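Some notes on the structure that comes next.
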2 protein chains.
Amino acid sequence: MSNRLFGSGAAHLGKSARTRARLMDAAVELFARDGFEAASVNEIARRAEVANGTFYVHFRDKDEIASKVALAIAGSVTRQLDEAMIGIEDAVERTSMGTRRFIDLIGNAPDWGRALLRALWTFPALRDSVAGHLRDDLERGVAQGAFDVQVDPVLIDVFVSMVMSGLFGRLSGSAPDDIASRVAELQLRMLGVPANRASAVSRQDLPTVSLSLVPLSA
Amino acid sequence: MSNRLFGSGAAHLGKSARTRARLMDAAVELFARDGFEAASVNEIARRAEVANGTFYVHFRDKDEIASKVALAIAGSVTRQLDEAMIGIEDAVERTSMGTRRFIDLIGNAPDWGRALLRALWTFPALRDSVAGHLRDDLERGVAQGAFDVQVDPVLIDVFVSMVMSGLFGRLSGSAPDDIASRVAELQLRMLGVPANRASAVSRQDLPTVSLSLVPLSA
DNA sequence: CCCAAAAATGAGAGATATCCCAATAAACGC
DNA sequence: GCGTTTATTGGGATATCTCTCATTTTTGGG
């Protein structure tokens, strides 16, 4: 049931680190289940099987634990995406893969997927971090002559919101299995890729990469 | 300053209706300023210059007033969009206009715009209501041979999320003035409209329609 | 094995929320 | 005007939350 996202990574560190990890795991579960606002520090501590006051030894308040958690997850996800794309030069493929992997990776982990989705919405800094990698691929596509758009914050925001839409559908269970491909295809078309190529690229097989462990960052 | 969105419409109704309207106006302001969760019933009542307990005469709880407010606003907005598009047969133009007007209309009213944006996120029923009209236009476009896509919930979700992205940018002040056109253009391209036509249609002049009053619904 | 440092504890002060209800005031048909 | 119905009032019971701090427990180096 509980993934112990952080807990597993901190098993053989000091006690402080383990408690900290338990708190972060509990926070992820609660943020995912109840949303950020509705989750209380009290319940995070209770679920972590830790006394109320212990929370405040490790985090100043709810905001602090939230941003720590979100940054750790997002960092791990983007790192994994980067690695999976090493060696791929074609921007059309990179862009499509990025969207598909992102949705699949996060969408298959409903527990912290929800937490991350909420965090993406709440903390603009997170969006910006994701957007950085994206921007590179989009500009590469323009340079390669594959994309016919103006790469700017508007385009990036729209692009990201499309990914989030697919992610949301996947997490809420209302989306078909191929939603990641569908979204990627629509994005490629939007960018100016001919319809047949967009369809082909967004549907080509993708070696399945299972979810990763998230190392604990201070 | 205060728009008295509901208050003005209820001026000459019974006293109960007027109090109700005052509460709804206060709720809109507070939801917009503090977000749904952070707004308290106490403060809604205080801002409406009404006793604490009066709130509960009219609404069961915060959720109820929120959904009533959101539905009223959304209904009014979609009604206004519909009216503005009477007589326009071309699906490409209709689609583009819908997006542009929606963003401009709501984006220019930061006070309740934020409230509506949050509501769209929170209440799926609202999205569905907006999606209904949209679906008609998309299918019309396919029938006219202008759009080359499969009209289904995935497409609609993606489309709506693109609109919301533009709306969010406008409301947060980070977007350029022409964001509505930009988003509409990207949407048309996604739907299969040739780039030059998408650019032209999404940039053609749009008679400015100012915001409307929202009649009070039970 | 011992003891200083580090970590964890949990009761509780102080804010603030929601929601109820008996009492009061206003509105309206006759 | 009068009396009944309808609306409003505001105090308070109850709940929950955040955050503090004096105290206790655990840890790990020597």
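No value in this document is a laboratory result; all are computed from the given coordinates. Everything numeric in this text was worked out from a predicted model, so none of it was measured. Glycine gets a Cβ as well: all are built from the backbone with ideal geometry, and neighbour counts include every protein chain shown.
Numbers below:
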quantity	calculated
Residue-averaged 222 nm ellipticity for chain B, from DSSP H runs of 4+ at -39500 (n - 2.57), nearest 500	-22000 deg cm²/dmol
Cα lying deepest toward the dipole's positive end in the protein assembly as shown, options A:Q80, A:F159, B:L206, charges on Cβ	A:Q80
Rounded to 10°, Cα long-axis angle of helix B:179-191 versus longest principal axis of chain B	50 degrees
Dipole magnitude of the range B:7-59 about its Cα centre (Cβ charges: Lys, Arg +1; Asp, Glu -1), debye to nearest 20	280 debye
Spatially proximal lysines relative to B:K15 (Cα-Cα < 24 Å; intrachain offsets below 8 disregarded)	B:K62, B:K68
For chain A, built as a Gaussian network whose Cα springs stay under 10 Å, the top-fluctuating residue of A:R46, A:R118, A:R101	A:R46
Whole-Hz ³J(HN,Hα) from phi, Karplus 6.51 cos²θ - 1.76 cosθ + 1.60, for the range A:116-132, glycine and proline x	5, 4, 4, 5, 4, 6, 7, 9, x, 4, 5, 4, 4, 4, 4, 5, x
Calculated P(r) of the range B:1-143 - Cα pairs past 26 Å, %	31 percent
Taking only Cα atoms of the range B:70-203, radius of gyration then Dmax in Å	13.9, 40
Centroid-to-centroid separation of the range B:124-203 and the range A:1-65 [C-alpha atoms, Å]	40 Å
Gyration tensor over alpha-carbon atoms, the range B:7-59, equivalent ellipsoid semi-axes in Å	19, 12, 7
Rounded to the nearest 20 debye, dipole of the range B:70-203 from Cβ charges on Lys, Arg, Asp, Glu	340 debye
In range of the label at B:Q204: residues from the range B:139-171 whose backbone nitrogen is under 13 Å from the point 7 Å along Cα→Cβ	none
Dipole of the range B:7-59 [Lys/Arg +1, Asp/Glu -1 at C-beta], most positive-end residue of B:A27, B:G9, B:F59	B:G9
Gyration tensor verdict on the protein assembly as shown (Cα atoms; rounded if a/c is under 1.5, prolate if a/b is larger than b/c, oblate otherwise)	oblate
Cβ charges +1 (Lys, Arg) and -1 (Asp, Glu), total dipole of the protein assembly as shown, debye	1260 debye
Average projection area in nm² (convex hull over Cα atoms of the range B:63-133, one quarter of hull surface)	4.6 nm²
Test item: B:168-174 mean partner chain Cβ contacts at 10 Å	2
